[in-house]
1. Can you confirm whether R220 is more than 24 Å from G143 (Cα to Cα) and either touching a Phe, Trp or Tyr at 6+ places or on another chain (Cβ under 9 Å) or buried (at least 18 other Cβ atoms within 10 Å of the Cβ) (or both)?
2. Which of the residues spanning the stretch 236-256 are out of contact with any helix residue (DSSP H, G or I) (no Cβ under 6 Å at 6 or more places or on another chain) and either basic (K, R) or farther than 24 Å from H194 by Cβ (or both)?
3. For D189, all conditions in the list (1) surrounded by 19 or more Cβ atoms within 10 Å (Cβ to Cβ); (2) under 35 Å from the mean Cα position of the chain (by Cα) hold save one; what is the number of the exception?
4. With respect to T211, is the statement that it is surrounded by fewer than 18 Cβ atoms within 10 Å (Cβ to Cβ), in contact (Cβ under 8 Å) with a residue 40 or more places away in the chain, more than 30 Å from R139 (Cβ to Cβ) and of a type in the set (V, I, T) true?
5. Determine if the stretch 248-263 includes at least one residue that is under 28 Å from the mean Cα position of the chain (by Cα), closer than 27 Å to G159 by Cα and among the small types (G, A, S).
6. Scan the stretch 144-172 residue by residue and report those that are part of a loop (DSSP other than H, G, I, E, B) and either touching a residue at least 40 places away in the same chain (Cβ under 8 Å) or within 32 Å of the chain's Cα centre (by Cα) (or both).
Amino acid sequence: MRSASRVGAHLQRLRSGLKRRSPASVGCAGLHGGAKRSRTADLLNAIQALYQLSYSPEVVVRRLTEGAEPSETGLADQGDMSARPMRRWRGPADENVALAPLRSGLEETGFGGLIMNRVLLLALAASALAMLATPSAARDIPGEGMTVEDVVAWLQNAGLGATIETADDGSKSVKSSTDGHMFHVYLFDCKEGHCGSLQLSAGFDTKGAFTPAKMNDWSRDKRWSRAYVDKVNDPWVEYDVDLTPGGTYELLDDELGIWRRELVEFAKFIGW
């Protein structure tokens, strides 16, 4: 029972900590909600669930005074029950009845078995807490960069179509589209088929309807992408991504999300 009391005290301290560190009070100190949310509440739930399995309730029986009548609640009406102490059965026969289930359990498992059950529960609790506290491992981009096939697989995993195109000079790029707008992914800083940077690029055939001054308005106000006009005054928007000396696919997916947003906004900007 001492160990159960210590666990109960630990749970009380953990609850108090949760109240003190509520999302409203911690501000930006942690993440609350979503896939990267704080796991403190999950840890508390795991501890509480396993704590409930780590002990058996103690059977306590009240002795009925002679002549007392049972009340509607099933207990004898003996005045203020809160003022009366809890009393166990003391008679040998009554004690045998009350302790029979416990004796049966001890005969089946033995005292050592009960201890082993406690140890097993504690091990399961530690394992569950470790799994909740450890974030999932990020998927690394190869240190030497990505191949054109890697780029195709990455876009397809993001739910976009992707095909490889080969230019007259033999260089390869990946053609894709999002939200009805076509774009290309060009690979740079390549060595032995692995490339250290990407450029996402989209051009619009407007029959020369734009000037450099209009594109300057976009580039001045936008942080992530840049815009320009080509030799025939058609508008282009581009976004560069560095892959080396290292990175993760999770970060690369975030870059793709920014590009998709910028591309949609640029199309609106030029009235496409």
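Bear in mind these aren't lab numbers, they're just calculated from the coordinates by the rules spelled out. From a predicted model like this one, the values you see are computed outputs, not experimental measurements. Because the Cβ atoms are built from the backbone with ideal geometry, glycine has one as well, and the counts that use them run over all protein chains shown.
1. Judged against the criteria, R220 is not a match.
2. Across the stretch 236-256, the qualifying residue is only W236.
3. (1)
4. no
5. Yes, the stretch 248-263 has at least one match.
6. Matches in the stretch 144-172: E144, G145, T147, A158, G159, L160, G161.
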